[in-house]
Amino acid sequence: MSGSASPDNDFVLAIHGGAGTILRSKMTPEREAAYHAGLQRALEAGRAVLAEGGAALDAVTAAVMALENEPLFNAGRGAVYTSAGKQEMDAAVMDGRDRAAGAVAGVCGPRNPILAARAVMEKSDHVFLIGESALAFCRAQGLDFAEPDYFFTQQRWDALQETLAMRKSGADDQDESRKHGTVGAVAKDRHGNLAAATSTGGMTAKMPGRVGDSPVIGAGTWADNETCAVSGTGHGEIFIRYAAGHEIASLMRYAGRSLEESARTVVMDMLAPAGGSGGVIAVGRDGSVSLPFNCSGMYRGYVRGDNVLRTAIYDEPFRETR
Ligand code: ASP
């Protein structure tokens, strides 16, 4: 697919808005256009940073902030609800230069949870902060907070009610879009540095306190300059158990596999048989891109120095926007 390497001084940014897309049969042209537009805005936000010679870390932060601001995606505004009707968000960021990392879990308040993760990375001695103490840290850092109303979307609230009703009746939920979603970005900048960022509301009707793979370094988020940057989306418990992001990097590092082979092996041959539906976006140190998924679709896109915004939802050719 998009796997070929790029010239050394080129940049590349890839994003996802979650696997577990709306079933094709339920997609309308208007909704499809809205998803593509949301992805394009996020690509544009990150591209602007990279085109100026900015850092991959800043580009993935900008792209994820744009996705968090879109109510269509399950992160920040538009996050899903726990079984108790609350929103508990997780986010992580990792810098491939030195493996600096920051993460938060179980928070609701910071307007952009990815900035909370970044503050943990840059302003604390720690990698991972959770719950109330994470919120206190964010307040002390002066991060922008939003009221609960800001994060509310009728669509996610209705999805919670439907999921709870199905659970009660013992019905099997076939609609992946009701269950999950996440946003993420990975990039290689013009200086050859890699970074990854992931942000999520988690899975609809999750148990309060449950944390998925997104903020777990090595599972849903990974970046090191010697191999690749990865952001995952899908059934988090399986991504954690298979250390998805780090496994991809290990296949490259120790088995000498390409990015595409490594990412596909993990998504198709490891996660899928274990029940880990979902996908990853990954960029390699050579500028290659891999976006495999093992479910009906994944909101995704990428852009290189040619500035063509490529976006797709299902197993289909990329739409190109200049
Ligand atoms: N991976 C996320 C989680 O388990 C959900 C998703 O990406 O769909 O929290």
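Listed values, structure above:
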{"item": "Residue among ALA195, ALA205, ALA171 that alone is within 16 Å of the ligand (Cβ to nearest atom) and either without any contact (Cβ under 8 Å) to a residue 12 or more places away in the chain or not acidic (Asp, Glu) (or both)", "result": "ALA205"}
{"item": "Residues being without any contact (Cβ under 8 Å) to a residue 40 or more places away in the chain and touching a strand residue (DSSP E or B) at 6+ places or on another chain (Cβ under 7 Å) - total across segment 251-263", "result": "2"}
{"item": "Close pairs from segment 80-107: first within 25 Å of THR227 (Cβ to Cβ) and among the charged types (D, E, K, R), partner more than 15 Å from the ligand (Cβ to nearest atom) and outside any loop (DSSP other than H, G, I, E, B), Cβ under 7 Å, at least 6 apart", "result": "ASP95/LEU57; ASP95/ALA195; ASP95/ALA223"}
{"item": "Subset tally (residues that are part of a helix (DSSP H, G or I) and over 17 Å from VAL186 (Cβ atoms)) for segment 262-298", "result": "5"}
{"item": "Number of positions in segment 22-41 that are in contact with a helix residue (DSSP H, G or I) (Cβ under 9 Å, 6 or more places away or on another chain) and closer than 21 Å to ALA159 by Cα", "result": "5"}
{"item": "Answer residue from segment 267-290, given it is away from the ligand (no atom under 14 Å from the Cβ) and not small (Gly, Ala, Ser) and is nearest to ALA196 (Cα to Cα) among those", "result": "VAL283"}
{"item": "Subset tally (residues that are within 9 Å of the ligand (Cβ to nearest atom) and assigned to a strand (DSSP E or B)) for segment 216-245", "result": "3"}
{"item": "Long-range neighbours under 9 Å by Cβ, at least six apart or interchain, first residue at positive phi and outside any loop (DSSP other than H, G, I, E, B) within segment 131-147, second of a type in the set (D, E, K, R) and at pLDDT 95 or above", "result": "GLY131/GLU88"}
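The values are calculated or read from the model by the stated rules, or taken from the named source; none is laboratory data. Computed from a predicted structure; not experimentally measured. Glycine gets a Cβ as well: all are built from the backbone with ideal geometry, and neighbour counts include every protein chain shown.
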